[in-house]
1. Need a quick list: strands (runs of 3 or more DSSP E) entirely within segment 79-149 having at least 2 residues that are open to solvent by 10 Å² or more (accessible area, probe 1.4 Å).
2. Just give me the residues in segment 587-596 being in a strand (DSSP E or B) and under 11 Å from Thr571 (Cβ atoms), in sequence order.
3. For segment 319-410, give me every one of the helices (runs of 4 or more DSSP H) that falls completely inside it and has 1 or more residues that are open to solvent by 20 Å² or more (accessible area, probe 1.4 Å), out of contact with any Ser or Thr (no Cβ under 6 Å at 6 or more places or on another chain) and farther than 30 Å from Val544 by Cα.
4. Taking strands (runs of 3 or more DSSP E) that do not extend beyond segment 506-576, which have at least 2 residues that are under 19 Å from Gly442 (Cβ atoms) and of a type in the set (Phe, Trp, Tyr)?
5. Please find, among Ser275, Ser265, Ser232, the residue that is among the hydroxyl-bearing types (Ser, Thr, Tyr) and under 20 Å from the mean Cα position of the chain (by Cα).
6. Just to be sure before I move on: is Met313 aliphatic (A, V, I, L, M) and not in a helix (DSSP H, G or I) in the structure I sent?
7. When you go through Val553, Val566 one by one, which is the residue that is open to solvent by 50 Å² or more (accessible area, probe 1.4 Å) and touching a strand residue (DSSP E or B) at 6+ places or on another chain (Cβ under 8 Å)?
8. Tyr483 is checked against (1) of a type outside the set (Lys, Arg); (2) open to solvent by 20 Å² or more (accessible area, probe 1.4 Å); (3) part of a strand (DSSP E or B) and fails just one. What number does that condition carry?
Amino acid sequence: MSTLLAVTLTTAPSPASAQSAAEPNQVANLTIRQADGYATLAWQPVDGATDYQIERTAVDADDTPTGPPTIVGVWRPNRQINQEAPTFADAGFNPGDTFRWRVRARTGTTEQPYSDPVVATTTTPWGNPDTPGEQLRTQWETTHAAQYTSDTNEYAYTAAIDALSDRVRVVELGRTVQNRPINMLVIGHPTPPATPEAVAATAPVAINCNVHGNEPGDREACLIMARQLAFSTDPRITDLLSHTTVLIVPTINGDGRAANTRGNSTGQDLNRDYSLIRQPETAAYIRMVRDYRPVAGYDGHEFGNSRAGDLPMLPPRHQNVAQPIFDQSQDMIEGHMYAKGAEAGWWACPYGCEGGGNVGLSEETILRNTLGLKNVANSLLELRSSGGQTRPDEGNTANNRRRKTFSALWTFHQFLDYHRADRGDILTARAQAIETQAANTGRLVFRGSRPIPAHPAPHPGDSPPPLDAPPADLILDNAPCAYKLTDEQYNGARTDGPGGVGTTVAQRIAAHGWKVITTGDGHYIPLNQPERGLIPLLLDTKGVEKLTDGERVYPTLTGRRNGPLVVTGFTCAADATINGPVTVRAGAALVATGTTINGPVTAAGAAGVVLADGTINGPLRIATTTDAISIIDMTITGPVDLSANTTGTDTPLLAGSTIRGPLNCTGNSPAPINLGVANTVHGPRTNQCAAL
């Protein structure tokens, strides 16, 4: 209410400014709207104006200047998509202070008359200083942006939020190389769900705030937003948290933040390690994605191009990313952020914007691409490091830091609003992506990006990031059924981690959550599973940044087969028709994609059964399987029974399938899940599968 009251009291223009311009080419109808850490200026455009200058003067309560007038902003036509309603988000001031603003147009280099001034008091930092919880402040806030929040201050601040708010639980995802905790705030209303699986059921969103240690602006925004989410009584906030869970990782790179270095303590750029997960920090984050299953995400950075926008953004561009995820991510950026940025006055644009250079490419090691390949709609967020041409007053370090942090805070709140409004579309895109990936169709690209076309002028996409089209030698048109690794490749010691000691390929595949089937002759990783686009990048000989050279395994059964099929060893069927019963023997594995089986399928003591994008005209019974079970986008006309399967840490999947009979799951450890992609079951659903 205090924020709403402040906005109400300070946004009205003075009577003079609401009138028509008194002089030719004078800006008219200047208004100021206050928000967290910034003020949105809006005015009536002047015909023929090339750009506009925003002037701000510090004043006291009597409107007497306490400092010189300063040009703090320049509005140019490529800032926003709505040219009929120019706006500018002025930040860089101490929240709570009072200012006088004026705006003038320029025609070429000719300065036109200033608008009538508007005086307003800016919004104070969020949280009543007399209310427990709300009164918490970060080191960055208490020093008025003179200092960034230290690691010890962060731990104390987040622990206090945890202790004072029922909405928050702080969990430790892992430890850095130097043994700093990697904490995550799990935030929900009235309380966050108790387990990762329960959180996953809420279609959570994730914000990774500080992967590069010398880019801390987003981190400060995350810490402020955590306080707001934990204690605000605003119905918007409680509604958001009632419909999802917010996951905030303030500092994945605590060692780099403490040293103010881009990389971690080993010098590794962690944003080039999310697929390879050689470092404990990236492995911790990827395990979180596996267990909590966020459906949307943002990843915070800073960008040194002084000509770029305030908020460069970019979706996952790797060509192996499923089209629905790319489209949904673009909709979040261009359909929501650009439009809302034009309303609030922030310059949102594609990564690069102007003179961006060779940025925003397709490396799968980058988090936005890794998440896209994991079917998460997401975006990179870059905060322009310097004030640049459009914010000339940011030679003042504190002002620069404020603009970066409060623009990130705006973005993260808009991200939550987008998820709240488009949750259904996000979940549909995710379901389509999972089913598309599991179908294992189409070429595989080992390096290559989707284009980000420039929008019609004057949209801020005039200089989009370049296209890194895949060369012919990095395209595989004939995708294999699986990759086979020897035991040495799978379990052998690695030297690519900190101090020359790395986790095994087996441990990294487990962190990614991929299905692995072990038979007498090796370890098989099927491609007909949800992260099909990422698996080859790490296991194929064509991989640019790979873990090992796996052996491509192609289907052994295609076309029509009449009569019973008894599976021994590893059998892969693709686009086949099997007329007869199928039996998977103990220790054997069946991987089938796009295949129709006219008869019952029975597996007892099998190593694995992985089925996708096919049909079984008959019952399916899988019992006492030891390694992997995955049933995705299948149509099964008979009963389905999953019983007494013990797959260790690998969770059985039953997702997006239609079962025209009863479904029973009993005594499976762990119990099957559906990845948030519901099944259609025409008969009774019982025991462990009752909610799938």
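The values are calculated or read from the model by the stated rules, or taken from the named source; none is laboratory data. Note that the structure is predicted; figures quoted are calculated from it, not measured. Quick reminder, even Gly has a Cβ in these numbers, built from the backbone with ideal geometry, and neighbours come from all protein chains shown. Accessible surface is based on the protein model in full, side chains and every heavy atom, while ligands, DNA and RNA are left aside. Shrake-Rupley method; radii C 1.70, N 1.55, O 1.52, S 1.80 Å.
1. Result: 98-107, 110-114, 118-121.
2. Result: Ala589, Leu590, Val591, Ala592.
3. 338-344
4. The strands (runs of 3 or more DSSP E) meeting that bar number zero.
5. Being among the hydroxyl-bearing types (Ser, Thr, Tyr) and under 20 Å from the mean Cα position of the chain (by Cα) holds for just one of Ser275, Ser265, Ser232, which is Ser275.
6. Considered against the rule, which asks whether it is aliphatic (A, V, I, L, M) and not in a helix (DSSP H, G or I), Met313 comes out as yes.
7. Working: Val553 fails: open to solvent by 50 Å² or more (accessible area, probe 1.4 Å).
Val566 is the lone residue from the list that is open to solvent by 50 Å² or more (accessible area, probe 1.4 Å) and touching a strand residue (DSSP E or B) at 6+ places or on another chain (Cβ under 8 Å).
8. (2)
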